[in-house]
Amino acid sequence: MKKFLSVVTLSALLTTGAIAVENKGLNVVLTAEDAQTQMMAMVLSMMTLSQKKAVNVTLCSSAGDLAVKGKESPLLKPKNKSPKMLLKAILKKGAKVEVCPLYLPNAGLDKSVLIEGITVAKPKMVAKQLLNSDFTTLSY
């Protein structure tokens with residue numbers, strides 16, 4: 001009987017999540033030039049933040065343009081918002097946003113062109129975060 005009660009108690013704890021490990025957040029690596037793909041990355045980042053989880057975004061290649069002051073991105077339906085608009089919103093909500101260290105020098109730019117709050121990633125730290133099993137990683 002004790003064994004049966006132990007199994008029932010353990011099952012109940014697992015079912016209620018008392019023992020379950022909870023995911024701490026989301027890593028997003030975005031390289032896509034396509035505005036709809038960029039928007040989906042931003043929407044999922046926003047939804048993650050709304051669940052009180054951390055979000056780390058690394059923008060590389062064409063997606064790095066989202067981090068540059070004055071560069072526009074297209075408005076998309078149905079909300080008539082752009083990926084850049086959502087990027088700024090997730091920054092305000094506390095997301096960590098970085099450009100990969102290859103982006104600026106290969107675009108002929110320096111960090112002075114970055115939107116306030118966006119920094120240049122350090123590869124060692126990005127690798128550490130990507131290997132953190134407490135986070136889910138999405139790559140677009």
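FYI, it's all coordinate maths here, none of it is from the lab. Since we're looking at a predicted model, the values are computed, not measured. Please note: Cβ atoms are built from the backbone with ideal geometry, for glycine as well, and neighbour counts cover all protein chains shown.
Observations
- Taken as entire DSSP H runs, the helices of the chain that both span 15 Å or more between Cα atoms along their own long axis and average -0.5 or more on the Kyte-Doolittle scale are 2-16, 35-50.
- Mean separation of Cα contacts under 8 Å (6+ apart) over length of the range 24-139, as relative contact order %: 33 percent
- The ranking of 92, 53, 84 by Cβ neighbour count inside 10 Å, starting from the fewest, reads 92, 53, 84.
- Per the Cα gyration tensor, the range 38-100 maps to an equivalent ellipsoid with semi-axes of 17, 15, 9 Å, ordered largest to smallest.
- Counting neighbouring beta carbons within 10 Å and listing from fewest to most, the residues 79, 96 come out as 79, 96.
- For residue 60, net neighbour charge (Lys/Arg +1, Asp/Glu -1) across residues whose Cβ lies under 12 Å away: -3
- Once the convex hull of all Cα atoms in the range 24-139 is built, its volume per residue stands at 90 Å³.
- Each of 140, 103 was scored by other Cβ atoms within 10 Å of its Cβ. Arranged with the fewest first, they read 140, 103.
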